[in-house]
1. May I ask you to say which residue of Y69, Y74, Y95 is out of contact with any helix residue (DSSP H, G or I) (no Cβ under 6 Å at 6 or more places or on another chain), aromatic (F, W, Y) and under 18 Å from Y125 (Cα atoms)?
2. So which of D46, D70, D122 ends up being over 14 Å from the mean Cα position of the chain (by Cα), in a helix (DSSP H, G or I) and either without any contact (Cβ under 8 Å) to a residue 12 or more places away in the chain or within 23 Å of N2 (Cα to Cα) (or both)?
3. Hey, W6 hits all of (1) over 25 Å from G133 (Cα atoms); (2) in a loop (DSSP other than H, G, I, E, B); (3) within 16 Å of the chain's Cα centre (by Cα) but one; which does it fall short on?
4. In the stretch 7-31, what residues are surrounded by 16 or more Cβ atoms within 10 Å (Cβ to Cβ) and among the hydrophobic types (A, V, I, L, M, F, W, C)?
5. Can you list residue pairs whose Cβ atoms sit under 9 Å apart, with the first residue in the stretch 18-31 being on the phi < 0 side of the Ramachandran plot and assigned to a helix (DSSP H, G or I) and the second being surrounded by 18 or more Cβ atoms within 10 Å (Cβ to Cβ) and among the hydroxyl-bearing types (S, T, Y)? Count only pairs 6 or more apart in sequence or on different chains.
6. Scan the stretch 19-43 for residues that are under 14 Å from the mean Cα position of the chain (by Cα) and farther than 12 Å from L114 by Cβ and jot them down.
7. Between a residue in the stretch 81-110 that is free of Cβ contacts under 8 Å to residues at least 60 places away in the same chain and any residue that is surrounded by 13 or more Cβ atoms within 10 Å (Cβ to Cβ), which pairs come within a Cβ distance under 6 Å, given they are 6 or more apart or on different chains?
8. In the stretch 80-119, which residue that is of a type in the set (K, R) and over 12 Å from the mean Cα position of the chain (by Cα) is nearest to G13 (Cα to Cα)?
Amino acid sequence: MNFIEWNDSLSVGVEVFDKEHKQLVSLVNKLNSALAAGSAKKTMEDILQSLVRYTQIHFKHEEEYMLLYDYPEYTHHKKEHEDLTAQVLDFHERYRSGKVSFSLELMKFLKDWLTNHILGSDMKYKNFFSAKGV
């Protein structure tokens, strides 16, 4: 069973963003499975690096669309992206330096971080992009 189940309530109605959100969900699920299986630190590190990289790519795509279509909440949304990226990068650095390890608490943070961002901030642009024909 997946840690996060994708369903239509997570769809923002923009195909490219939904696809990227599904990939982020998949990476969190993969990380959770590796944690549950007691996978090696190297495996966990590789998955976490993929999650960090893909998050940055996805945020860049969202921001490019927001600028292209003159999304009125762009500045606020970009700031949220910067804050979320800083949180994930901070955890990644603390993990690499041995100051923190993977735990259910971390997985809950990642799940809440991802679902709350999609269901909160990202849903705010759903109607905007739909009206633009995106």
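Quick note: the coordinates plus some simple rules give every number you see, no bench work behind them. In this text the structure is predicted, and so the values were computed from the model without any measurement. Reconstructed Cβ throughout: ideal geometry from the backbone, glycine too, with neighbour counts over all protein chains shown.
1. Numbers: Y74 fails: out of contact with any helix residue (DSSP H, G or I) (no Cβ under 6 Å at 6 or more places or on another chain); Y95 fails: under 18 Å from Y125 (Cα atoms).
Matching residue, one of Y69, Y74, Y95: Y69.
2. Numbers: D70 fails: in a helix (DSSP H, G or I); D122 fails: over 14 Å from the mean Cα position of the chain (by Cα).
Residue meeting the stated conditions: D46.
3. Result: W6 fails condition (1) only.
4. Scanning the stretch 7-31 gives L10, V12, V14, F17, L24, V25, L27, V28, L31.
5. L24/T55; L27/T55
6. Filtering the stretch 19-43 for residues under 14 Å from the mean Cα position of the chain (by Cα) gives 19-31.
Passing the criteria: K19, K30.
7. Pairs found: H81/F59; V88/V52; H92/L48; H92/V52; R94/V100.
8. Kept after step one, since they are of a type in the set (K, R), are these residues of the stretch 80-119: 94, 96, 99, 108, 111.
Then drop every residue that is not over 12 Å from the mean Cα position of the chain (by Cα), which leaves 94, 96, 99, 108.
Details: R94: 35, R96: 36, K99: 39, K108: 26 Å.
Applying the filter and picking the extreme gives K108.
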